[in-house]
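Peer 1: Got a structure here, written out as structure tokens. Questions coming.
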């Protein structure tokens, strides 16, 4: 067999040659739309490669991006690693102080930034030594106090559109993404060329996102978060059409884009699809081209899965992964022997699970002594994973305690396994509620409460209890005009299989569930708000 390095060039070169008419469509935060072909994308990306060289950056320098989803951002996705440098996607929802910490920790020497995000970068840089270069992703530079800022289009203007392919070792660093830092300071996960290629290849498979040359994909997942779940690399590798929606979610504009661009595969966190559902219900004709929705970041409520299936004829496929797993590790596709089952049985057995591990990913649910627990849908244990796109350590050697001596990564999730091969996230270790010596899953309780009529969102946290150690507190967001109290919630949970000792004594109605920068429920905010 040929010893072909699995590097970024293998992901980049196919589309401009074999899908020259394939489209890249970018909707900006102000509603404007730009279109490029893969031919244009290839030429512009090679121009950026030359520009990075001419800026005098070291051949292995770390280059940051602070940008929305767009074709310009995609050009950086490839130009930076194809020149041997490391792409560091910066989270635009962080505070200036947190952003400064991550830029400094990563050692970024240059940052490509969208014009409307320049003030955020400007504030972050007050906490740091000057960068070598700041490049604004647009035709001109807005007013700024940062010296020497370059306009992206000026940078590319006179550069050649051809670039000699580099022979890059597949084990060299390619991308850097930081964890959300919910249990301490953010830590860097460093992806290699090899791991990124294998992850992209897995994403294209039907075991994962099922992306091929005839698809049009829209990841409503930030490109700053774990490479938008790998979709930009996977879609480019096969020459699929890519559509980017930037800025805050506007359900009406988002659905327009799904319909107008004939999207076949879309992806986003549950809050996206919750926000879109009511608007979609008002539309005639639905989304006939949309084949399936990938939903991850948190467990989607069963009621949401069922609503999309029954009202809109759309399948939500749950995905699970972490920054440390690049991030896609499993997807909840039904198995062949389930083909003739009623839909509600398929939903129960497969669609509400974290999924089946992708080929190449191994999953082990272990007890405190490291022994794998029975696959009985009941026994809980620590979820451990390993595979060719799972990190074996963090940047600067941090977090050694998360890795076992036999090569597994401890995810921090508590899970159960089923005889059918699926696994279910019972909770994050820190979110389990220990009441009277028994465990209560906050995730299970949230999913059940969100099936109640009139409930928009729900989050469950533990509060101290002098008798039972901890008890569940249910925080609910209700729809306009709805009144929900403790009795309503207790009766609903009791009717859906929760034992009497698990039922909450307290319910708080809140305006919104606080969320992290990547759309997950931020329970530490609720714990601070309701300490007892």
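Peer 1: Given the conditions (1) buried (at least 22 other Cβ atoms within 10 Å of the Cβ); (2) closer than 30 Å to residue 445 by Cα; (3) under 20 Å from the mean Cα position of the chain (by Cα), which single one is not true for residue 389?
Peer 2: The failed condition is (2).
Peer 1: Say whether the condition of being in contact (Cβ under 8 Å) with a residue 12 or more places away in the chain, within 20 Å of residue 195 (Cβ to Cβ) and either in the same structural domain as residue 234 (by TED's automatic domain parsing) or not in a strand (DSSP E or B) (or both) is met by at least one residue in the stretch 406-427. Give the derivation first.
Peer 2: Applying the first criterion (in contact (Cβ under 8 Å) with a residue 12 or more places away in the chain) to the stretch 406-427 yields 407-427.
Narrowing further to those that are within 20 Å of residue 195 (Cβ to Cβ): 407-411.
Subset that is either in the same structural domain as residue 234 (by TED's automatic domain parsing) or not in a strand (DSSP E or B) (or both): 407-408.
Yes, some residue in the stretch 406-427 is in contact (Cβ under 8 Å) with a residue 12 or more places away in the chain, within 20 Å of residue 195 (Cβ to Cβ) and either in the same structural domain as residue 234 (by TED's automatic domain parsing) or not in a strand (DSSP E or B) (or both).
Peer 1: Identify the single condition in (1) in a loop (DSSP other than H, G, I, E, B); (2) not assigned by TED's automatic domain parsing to the domain that holds residue 201 that residue 314 does not satisfy, given that it satisfies every other one.
Peer 2: That leaves (2) as the condition not met.
Peer 1: What is the one condition in (1) out of contact with any strand residue (DSSP E or B) (no Cβ under 7 Å at 6 or more places or on another chain); (2) modelled with pLDDT of 95 or more; (3) within 30 Å of residue 412 (Cβ to Cβ); (4) assigned to a loop (DSSP other than H, G, I, E, B) that residue 104 does not satisfy?
Peer 2: Result: residue 104 fails condition (4) only.
Peer 1: Name the residues in the stretch 210-236 that are in a strand (DSSP E or B) and in contact with a helix residue (DSSP H, G or I) (Cβ under 8 Å, 6 or more places away or on another chain), would you? Before the answer, list the steps.
Peer 2: Let us first name the residues in the stretch 210-236 that are in a strand (DSSP E or B), namely 216-219.
Passing the criteria: 217, 218, 219.
Peer 1: From the set of residues in the stretch 287-303 that are more than 16 Å from residue 349 (Cα to Cα) and modelled with pLDDT under 95, which is surrounded by the most Cβ atoms within 10 Å (Cβ to Cβ)? Please lay out each step first, then the result.
Peer 2: Looking only at the stretch 287-303, we keep the residues that are more than 16 Å from residue 349 (Cα to Cα), and these are 287-298.
Filter once more, so that each one left must be modelled with pLDDT under 95: 296-298.
On the way: 296: 28, 297: 25, 298: 20.
For the stretch 287-303, the residue satisfying everything is 296.
Peer 1: Within the stretch 1-80, considering only strands (runs of 3 or more DSSP E) that don't extend past its boundaries, which have at least 3 residues that are buried (at least 22 other Cβ atoms within 10 Å of the Cβ) and in the same structural domain as residue 231 (by TED's automatic domain parsing)?
Peer 2: On the way: elements: 23-27, 33-37, 62-66.
Answer list for the stretch 1-80: 62-66.
Peer 1: May I pose another question? Based on what the data block shows, is residue 158 farther than 16 Å from residue 106 by Cα and either outside the structural domain of residue 104 (by TED's automatic domain parsing) or surrounded by 13 or more Cβ atoms within 10 Å (Cβ to Cβ) (or both)?
Peer 2: No; evaluated as a whole, the condition is false for this residue.
Peer 1: Report, by residue number, each residue of the stretch 258-269 that is touching a strand residue (DSSP E or B) at 6+ places or on another chain (Cβ under 6 Å) and buried (at least 19 other Cβ atoms within 10 Å of the Cβ). Explain how you work it out, then say what you get.
Peer 2: Let us first name the residues in the stretch 258-269 that are touching a strand residue (DSSP E or B) at 6+ places or on another chain (Cβ under 6 Å), namely 261-267.
Those that are touching a strand residue (DSSP E or B) at 6+ places or on another chain (Cβ under 6 Å) and buried (at least 19 other Cβ atoms within 10 Å of the Cβ): 261, 263, 264, 265, 266, 267.
Peer 1: Any chance you could count how many residues in the stretch 428-454 are assigned to a strand (DSSP E or B) and either surrounded by fewer than 22 Cβ atoms within 10 Å (Cβ to Cβ) or out of contact with any strand residue (DSSP E or B) (no Cβ under 8 Å at 6 or more places or on another chain) (or both)? Give the steps one after another, and end with the answer.
Peer 2: As a first pass, look at the stretch 428-454 and keep what is assigned to a strand (DSSP E or B): 428, 433-435, 438-440.
With either surrounded by fewer than 22 Cβ atoms within 10 Å (Cβ to Cβ) or out of contact with any strand residue (DSSP E or B) (no Cβ under 8 Å at 6 or more places or on another chain) (or both) added as a condition, the list becomes 428, 434-435, 438-439.
The qualifying residues number 5.
Peer 1: May I ask you to list the residues in the stretch 263-276 that are under 18 Å from residue 513 (Cα atoms) and either in contact with a helix residue (DSSP H, G or I) (Cβ under 7 Å, 6 or more places away or on another chain) or part of a helix (DSSP H, G or I) (or both)?
Peer 2: First, the residues of the stretch 263-276 that are under 18 Å from residue 513 (Cα atoms): 268-276.
Correct list: 270, 271, 272, 273, 274, 275, 276.
Peer 1: Restricting to the stretch 483-517, count the residues that are closer than 30 Å to residue 222 by Cα, in contact (Cβ under 8 Å) with a residue 40 or more places away in the chain and surrounded by fewer than 18 Cβ atoms within 10 Å (Cβ to Cβ).
Peer 2: Initially, the stretch 483-517 is screened for residues closer than 30 Å to residue 222 by Cα, giving 509-517.
After this cut, where a residue has to be in contact (Cβ under 8 Å) with a residue 40 or more places away in the chain as well, the list is 512-513, 515-517.
When the remaining residues are screened for being surrounded by fewer than 18 Cβ atoms within 10 Å (Cβ to Cβ), the result is 512, 517.
The qualifying residues number 2.
Listed here are the residues, each with its yes/no results for (1) farther than 17 Å from residue 427 by Cβ; (2) part of a strand (DSSP E or B); (3) touching a strand residue (DSSP E or B) at 6+ places or on another chain (Cβ under 7 Å).
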site: 456; (1), (2), (3): yes, yes, yes
site: 460; (1), (2), (3): no, yes, yes
site: 463; (1), (2), (3): no, yes, yes
site: 473; (1), (2), (3): no, yes, yes
site: 481; (1), (2), (3): yes, no, no
site: 487; (1), (2), (3): yes, no, no
site: 490; (1), (2), (3): yes, no, no
site: 504; (1), (2), (3): no, no, yes
site: 507; (1), (2), (3): yes, yes, yes
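Peer 1: Is it the case that some residue within the stretch 114-122 is within 20 Å of residue 230 (Cβ to Cβ), outside any strand (DSSP E or B) and in the same structural domain as residue 246 (by TED's automatic domain parsing)? Before you say what the answer is, go through the steps one by one.
Peer 2: Step one: of the stretch 114-122, the residues within 20 Å of residue 230 (Cβ to Cβ) are none.
Scanning the stretch 114-122, I find no residue that is within 20 Å of residue 230 (Cβ to Cβ), outside any strand (DSSP E or B) and in the same structural domain as residue 246 (by TED's automatic domain parsing), so the answer is no.
Peer 1: Counting just the residues of the stretch 215-239 that are under 16 Å from residue 20 (Cα atoms) and touching a strand residue (DSSP E or B) at 6+ places or on another chain (Cβ under 9 Å), which one comes out surrounded by the most Cβ atoms within 10 Å (Cβ to Cβ)?
Peer 2: Ranking the candidates gives 235 first.
The values are calculated or read from the model by the stated rules, or taken from the named source; none is laboratory data. Since this is a predicted model, take the numbers as computed values, not measurements. Note that we place each Cβ from the backbone using ideal geometry, even for glycine, and neighbour counts take in every protein chain shown.
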